[in-house]
Amino acid sequence: MKTVAVLGGGPAGSFAAERLARAGLKTILFDEKLGWEKPCGGGLTYKAYQEYPFLLDNDTPKRLVHETVIAAPKAGEATMRLEHPLVIYSRLDLNRMLLERAEKSGAALEQTRVLGIDRHNGGWLLRTQRGTVPADFCIVATGARNSLREVGTEWSAQDTMSALGYYVPGQQERIDIQFLPQLSGYIWVFPRCGHLSVGICGKGEPAKSLRARLERYMLERDISLKEATFYSHMLPSLSGTSWRRNRVSGDGWLAVGDAAGLVDPITGEGIYYAMRSGDLASRVVTSDAHGFAEIATAYRSLLSREFAHDLEFAASLAKRVFAGRFLFRSVPQRMVEFTRGSVRFHELMQDLFAGTQSYLGLKRRLLGNLNGTLQEILMSFFLKHVIPSRST
């Protein structure tokens, strides 16, 4: 293998290209835009910048946010002072930084669209807007709207989540997360450099309805639509069944990031999984694996061991997180109340926001802390409501 084509220049593709070029392979990255503003919050968890410290230690504009407020109907708010801040980039700035790193490592950047790919002499022949280009291997990083149907994950409409919102002039120091009734998703307000990203994500609900919910929330919070810029996007949100048959690799190709469906089905977070899968793909391609079949198998195994099994399990939890009930109230209501009233649960939520708490280990930790959490909730209630009434 001498030449690797990376199809797409988002975090997954650019990071894979950097690693492949550093390993000495001739690497060509193809992208129609080479840096763009993807509609999303743009947050990076502690897990991401702990694994890749350069995401924190650089000169690219970013915000470090130390406070998050989560809210749910009839439950009020709970404020968390984050032990590990969330790092928020404009996706335009993040993509540019990652592309620059790839280019400095020796990857060639081609600003053109790949129209199709065909097998040719044991490798690939890429059809682009500028002509044809041969390659020995392909890294598929074409995002959620992958037009190359013969490679990358396959999903139906039920395996997607809508995300839309507004970039709004303004500033605030905290992140706001708002749960809504009958919504498998949430509203967010993320402070970025120079503006706010105010958005909503949801599964199984039309975009028109999501937009109406978001605009109603903005009106209630006095967040003006004047001079706001609308954005929308589709995210992979695979069901448990789709995870089990997810097509992430094949003969002469590996898919990374959104093109492989590697997005958290509960939070919609995908930047860490994009970069991590790009890293893992480059490791397999430059390893001692012999033949395309062995490379494909090794990559699937690495993904499963690192996080794919965890995301598959999260898919089975998603409906319960947003629509389930516990102790006669909705799960989001209890989540807010327990975060506010229990030190143990507050610490668990800290770890979820940091990305260090797996979904597979969540049930054991919840059950192990349940008695203590309920005791803390009862004590909090007693101190707040019983003692004041006695003193009066």
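The values are calculated or read from the model by the stated rules, or taken from the named source; none is laboratory data. All of these numbers come straight from a predicted model, not from anything done at the bench. Here the Cβ is made from the backbone with ideal geometry for all residues, glycine too, and neighbour counts use every protein chain on show. For accessibility, only protein heavy atoms count, side chains too; no ligands or nucleic acids. Shrake-Rupley method; radii C 1.70, N 1.55, O 1.52, S 1.80 Å.
Could you tell me which residue of the stretch 275-291 is least open to solvent (accessible area, probe 1.4 Å), considering only residues that are assigned to a loop (DSSP other than H, G, I, E, B) and on the phi < 0 side of the Ramachandran plot?
Only one residue tops the list, namely 289.
Among residues of the stretch 317-334 being under 25 Å from the mean Cα position of the chain (by Cα) and of a type in the set (A, V, I, L, M, F, W, C), the one that is most open to solvent (accessible area, probe 1.4 Å) is 323.
Just so you know, in the stretch 175-202 the residues that are more than 18 Å from residue 37 (Cα to Cα) and of a type in the set (Phe, Trp, Tyr) include one that is most open to solvent (accessible area, probe 1.4 Å), and it is 186. Within the stretch 278-289, no residue that is closer than 13 Å to residue 21 by Cβ sits with its Cβ atom under 7 Å from a residue that is buried (at least 22 other Cβ atoms within 10 Å of the Cβ) and of a type in the set (S, T, N, Q) at 6+ positions apart or across chains.
Screening residue 172 on (1) open to solvent by less than 20 Å² (accessible area, probe 1.4 Å); (2) at pLDDT 90 or above; (3) in contact with a Pro (Cβ under 7 Å, 6 or more places away or on another chain) shows it passes everything except condition (1). Checking each residue in the stretch 335-355 for being open to solvent by 50 Å² or more (accessible area, probe 1.4 Å) and farther than 27 Å from residue 42 by Cα picks out 343, 344. Could you tell me whether any residue of the stretch 353-362 is modelled with pLDDT of 90 or more and in a helix (DSSP H, G or I)? Scanning the stretch 353-362, I find at least one residue that is modelled with pLDDT of 90 or more and in a helix (DSSP H, G or I), so the answer is yes.
Residues that are in contact with a Leu (Cβ under 7 Å, 6 or more places away or on another chain), part of a loop (DSSP other than H, G, I, E, B), modelled with pLDDT of 90 or more and surrounded by 23 or more Cβ atoms within 10 Å (Cβ to Cβ) do not occur anywhere in the stretch 208-230. Residue pairs whose Cβ atoms lie under 9 Å apart, separated by 6 or more positions or on different chains, with the first residue in the stretch 218-234 and free of Cβ contacts under 8 Å to residues at least 24 places away in the same chain and the second open to solvent by 40 Å² or more (accessible area, probe 1.4 Å), are 219/225; 226/169.
Checking each residue in the stretch 314-337 for being in contact with a helix residue (DSSP H, G or I) (Cβ under 8 Å, 6 or more places away or on another chain), hydrophobic (A, V, I, L, M, F, W, C) and free of Cβ contacts under 8 Å to residues at least 40 places away in the same chain picks out 326, 327, 331.
Checking each residue in the stretch 292-316 for being of a type in the set (Ser, Thr, Tyr) and crowded, with 16+ Cβ neighbours inside 10 Å picks out only 299.
Name the residue that is least open to solvent (accessible area, probe 1.4 Å), counting only residues in the stretch 148-160 that are of a type in the set (Ser, Thr, Tyr) and touching a Lys or Arg at 6+ places or on another chain (Cβ under 9 Å).
Per the stated criteria, the residue is 153.
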